[in-house]
Each structure stands twice: as structure tokens, then as C-alpha cells.
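Just below is one structure, and these are the notes that go with it.
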Amino acid sequence: MGRLPHPQAFVRWFRQAAPYVHAFRGRTFVIGCGGELVAEKTRFVSFVHDLNLLAALGIRLVLVHGARPQIEAEMRAKGRRSRFARGLRITDAASLVAVKHAAGVLRVEIEALLSQGLPNSPMAGARIRVASGNYLTARPLGVLHGTDFQFTGEVRKVDGTAIARHLEAGELVLVPHIGYSPTGEVFNLAWEDVAESVAIALRADKLLLLTDKLPATRRGEPLHELTARAAEALLKKPGQPPHAARVLKSALRALAGGVGRVHLVARRADGGTLLELFTHSGVGTMITADPLEQLRPARIEDIGGILALIEPLEADGTLVKRSRELLEREIGNFEVVEHDGVIVGCAALYPFPAEKRAEFACLAVAPEYRDAGYGERLLQACQARAEAQKIRRLFALTTRAAHWFIAHGFREADVSALPERRQSLYNWRRGSKVFLKRI
Ligand SMILES: CC(C)(COP(=O)(O)OP(=O)(O)OC[C@H]1O[C@@H](n2cnc3c(N)ncnc32)[C@H](O)[C@@H]1OP(=O)(O)O)[C@@H](O)C(=O)NCCC(=O)NCCS
């Protein structure tokens, strides 16, 4: 065996992967890929080696696959033309024969690769048992805008219990793009639809979708993290390639259905699945449900929550007292951080437009949520509001958080730096320090 070219880098990488190894054991991952991956022999062999590694780490794996290029090849060989509408195949009786052939051949090929075990190969010692079966109930897609899709179907139900039983027994479950209807018919399904439905039925921890193109910025840089909301916004932008849009829609439905995370992984990147799962920044795009916490402008219903947050700070003199009535009048000035329905942070901006200044006030973060950057984000939100109103300087009065303001770009100033109207309200007994920030 050759010497490792960079042993130290290897050791560092291996150690960095340790937390993921612990976190993933016993978790359920559904991996979906199109038939293109299977068609590219060397890439697919490496991918199977990676699956073998994931299985060895105790991850419960479901592999969902499609067969578009294989079906296409058979149709072409028989001199038949495929018909598509809305990016989906119209599966007529002749195509259905090709669909069945492709599914059969792929199953055998995938099972064969997963059964390798030659010594001195990445599969040495691997004993992956593969289960496959009639887990999907399908229904016809039907007639859409006047087009009868015939044997093209959609997932009606997934037998999650049956799949889970195999996973429990340590087997890898293979789910092809084929479903059966209670009438005994066979339907050709989109693998993205199958992967999404299986992940939801199993409440999978992760759904990995291998795609051709990752979501990217306008400059073409890949987006490594997206919230569901950002992904939705992306979908609304014109010019999304149809397949990328379909994958993104599946990802969003999976998240809405309770799947923990969806990862889009570039199909052509060697080891892309491993890099995405075991490195911090990943190489694909991780899509998460919208974060539990949310920073947003306050609404009148938030007043109870804001009072609960600031009352203890008013009691110890950190914040100036504000009554419910005052808050009702000034609620439009507030930004809040809500966590799972509870107000855990707030701040307000009081503009003095004539002087192009604004007061950043009533900043509070609940004790158990401090040091997580919420204070800073509240400042940023108020600053953005101020900038929109052409404000040039922010000022703040504080008795207890002087250093927080210094750390966030404020400089100590004299009371005379305040707008006149505010100077007249300055409470000399309280003796707050004045801080100023140019924005
Ligand atoms: C001040 C406050 C809003 C900061 O909220 P936060 O979400 O914890 O702030 P961030 O996470 O953005 O910043 C945390 C950093 O500020 C520091 N910090 C927090 N409170 C501070 C204070 N009173 N004085 C100086 N530094 C402070 C933390 O030590 C931390 O520093 P580090 O990153 O170097 O460890 C929060 O501590 C609070 O609600 N305090 C009580 C109310 C208050 O004093 N409000 C200001 C009145 S004007």
C-alpha cells in the first residue's frame, strides 16, 4: 500500500469528522438520485462505496433511484420516440415496458454493486443486505391541461412501517421509481416525488437529493445554506431550470412534512455526499425549515411579551420604565426576536428626522438567550430602519451596557451631542452614559 501523501491533513480531517459520526449513528437518511448517476459507471461505483461507509457508521439508509436515461435508451433502441409534457414523461404502454425493463436491470446492477466484498477494495468486509419491494401505492397523474399522462403516476401512499422494519434489521432499502395501484396497474413515478414521499413517511433526519445544478447566487457562487423561506423566494425568480425547480419543490415539501434537513448534492462531485455530510461548510446546499427564532417588526400582540421581557430590567434600573399604554403607542418603533412564539429580545428606534439622528433604545435579550448574537442582530435591524430614513447617527443611553455599545461601534459622547428635544428629557439623576455611532 502506498504512503499517505498528507498524513497530518488526514488525521485532522478524520478528527473533525468525529462529531458527525456520533451524531449520525442510528439516524435515517433518504438519498435520491436520477438514473444518470447509475449510468456513469465509475462515479456510481464510488457512490456505492460511500453508501457502504455510511451504512458501516450505523446510518439507516434508503436509496431512491430513477431511470430516465435508461428508459430513453431502450425507447431509442426500439425506434420509438418519448413524449414529455411539463417536464414529465407521458408513459404510454410502450414506454411502460421500457420502464419495467429499466427498473429490473437497475435493481440487479445496484444490488450487485452493494454485494461486492473483495479484499483490498473499499467494500472489503462489507455485508450490506438490500431490501426492495412494493412499498409505494401509486395513482395515475391523470389528465393535466388536456394531456393524458397515462401510466405516469404520483405517490399515493408509502408503506413506511415496512421500510422501517427493514431499516431496523440493518438493511439498506432500495426504492425504485415504480408504484402499484390497488387496481393492479404499474405506474412510472418521478424519483424526486418518491424520495420526498419516502422521507416524509419515515420522518427522515435527512433527505439528500443528487442533482445536476445547485442553487447559486447571481454571480454563480453556490449557496451552501438556505432556509425554506429563502428557497421559496428563489423558486419565484424567473429563469430557474425546470429540473432544479422540481428538486427544490420536493425539498420544500419534505421540510414542510417534517424532514429535518434537505441537502442538495452535486451529482458529479466525487465524494460529494461524504463532503456534504462530514464537513462543516459542506459542498452542496443545505436547506433547513425556517429557524425557530425570527427577528421581525413588533406587532400589537407582542406587547405582553415585551413587558414580560423588560419588566425585570426596569425593576433593577437597567431600563427606563415603559407602561403598556406607552408601548401601545410606540409599538411601531420596536423590533422583536420571537422564539417558538415567545418574545426573547426587543429593541426600539426613535427617529429625530430634523437632526438626522435616531435613538436606539430599550435593547433587551432574555438571559437564557444572551451571547448568541441577538443583541447585535437587533442593532442591525434598527440600523437598517434608520438608514432607510436617511438617519446619519444613532445614539443610545445606557447605565449598564457601556462596553456592549463600544464593542458595536459606538463612541462615548456628551449629553450635548443629543438632539435638543432629547437633551431636555435627559434624566440627570439616572446619569446614563451617552453613546453615538455614525452610520
Ligand atoms: C446588552 C444585551 C442586550 C446584549 O444582548 P446579547 O444578545 O447577549 O448580545 P450579543 O450576543 O450581540 O453580544 C454578546 C457580547 O456582548 C457582551 N455583553 C453583553 N452584555 C454586556 C454588558 N452589559 N456590557 C458589556 N458587554 C456585554 C457579552 O459579554 C458578549 O461579548 P463576547 O461576545 O465578547 O463574549 C443583553 O445582555 C441584555 O439584555 N442586557 C440587559 C439589558 C441591557 O443592559 N440593555 C441595554 C440597555 S441600553
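Under 8 Å for C-alpha pairs, at least 6 residues apart: give me the relative contact order for the stretch 35-99, rounded to a whole percent. This gives 30 percent for the stretch 35-99.
Using a cutoff of 8 angstrom between alpha carbon atoms and counting only pairs six or more residues apart, the relative contact order for the stretch 63-190 works out to 28 percent.
Phi angles of the stretch 320-325 translate, via the Karplus equation with coefficients 6.51, -1.76, 1.60 and θ = phi - 60°, into HN-Hα couplings of 6, 5, 10, 7, 4, 4 Hz per residue; Gly and Pro are given as x.
Taking the longest Cα principal axis of the chain as reference, the axis of helix 68-77 is set at about 30 degrees. Considering only beta bridges that DSSP places wholly inside the chain, some 60 percent are antiparallel. What size of dipole, in debye to the nearest 20, comes out for the chain about its Cα centre when the only charges are +1 on Lys and Arg C-beta atoms and -1 on Asp and Glu C-beta atoms? Using Cβ point charges on Lys, Arg, Asp and Glu, the chain gives about 960 debye.
Spin-label model, V186/A308: points 7 Å from Cα along the beta carbon direction are separated by 5.8 nm. Taking Cα centre as origin and charging only the Cβ of basic (Lys, Arg, +1) and acidic (Asp, Glu, -1) residues, the dipole magnitude of the stretch 293-438 rounds to 820 debye.
Enclosing the Cα atoms of the chain in their convex hull gives a volume equal to 211 cubic angstrom per residue. Note on R218 and L144: the model spin-label points, each 7 Å out from Cα along the C-beta direction, lie 3.1 nm apart. Taking the C-alpha atoms only, the angle from helix 374-388 to the longest principal axis of the chain is near 80 degrees. For the residue pairs K41/K249; K321/K390; K78/K213; K321/K433; K356/K433, alpha carbon separations beyond 19 Å are given by K41/K249; K321/K390; K78/K213; K356/K433. Among 132-141, 238-247, 173-182, sorting by the average number of other beta carbon atoms lying within 10 angstrom of each residue, highest first, gives 173-182, 132-141, 238-247.
Among E276, E196, E293, the residue with the largest mean-square fluctuation in a Gaussian network model of the chain, with springs joining Cα atoms closer than 10 Å, is E293. Residues whose amide H falls under 5 Å from that of V64, counting only those 5 or more places apart or on a different chain, are I31, G32, C33, V175, with hydrogens built in the peptide plane.
Structural descriptor for the stretch 340-439: relative contact order 28 percent, calculated from alpha carbon pairs under 8 angstrom and at least 6 residues apart.
Name the residues of the stretch 379-397 whose amide N is less than 14 Å from a point 7 angstrom out from the Cα of A407 along the C-beta direction? Of the residues in the stretch 379-397, 379 have backbone N under 14 Å from the label point off A407. Amide H contacts of H263: L207, L208, L209, I287, each under 5 Å away and 5 or more positions distant or on a separate chain (H built 1.01 Å from N in the peptide plane; Pro and chain starts excluded). Determine which residues of the stretch 416-431 fall in the zone a paramagnetic label at K321 would reach in this model, i.e. backbone nitrogen under 19 Å from the point 7 Å along Cα→Cβ. Once the point is set 7 Å along Cα→Cβ of K321, 425-431 turn out to lie under 19 Å by backbone N, inside the stretch 416-431.
Residue-wise HN-Hα couplings along the stretch 229-237, as the Karplus relation 6.51 cos²θ - 1.76 cosθ + 1.60 with θ = phi - 60° gives them from phi, are 5, 5, 5, 5, 5, 4, 5, 6, 6 Hz; Gly and Pro carry x. Derived scalar couplings between HN and Hα for the stretch 106-117 equal 4, 4, 4, 5, 5, 4, 4, 5, 6, 8, 4, x Hz in order, rounded to whole Hz, by the Karplus curve 6.51 cos²θ - 1.76 cosθ + 1.60 (θ = phi - 60°), x for Gly and Pro. For I59, the residues 5 or more places off, or on other chains, whose built amide H falls under 5 Å of its own are G26.
Taking the Cα centre of the chain as the origin and placing charges on Cβ (Lys, Arg +1; Asp, Glu -1), which of A138, V194, A358 is farthest toward the positive end of the dipole? Towards the positive end, the residue furthest out is A358.
Read-outs throughout are calculated quantities, based only on the coordinates presented, and are distinct from any laboratory measurement. Note that this is a predicted model, so its numbers are computed, not measured. Using ideal geometry, Cβ is built from the backbone for each residue, glycine included, and neighbour counts are taken over all protein chains shown.
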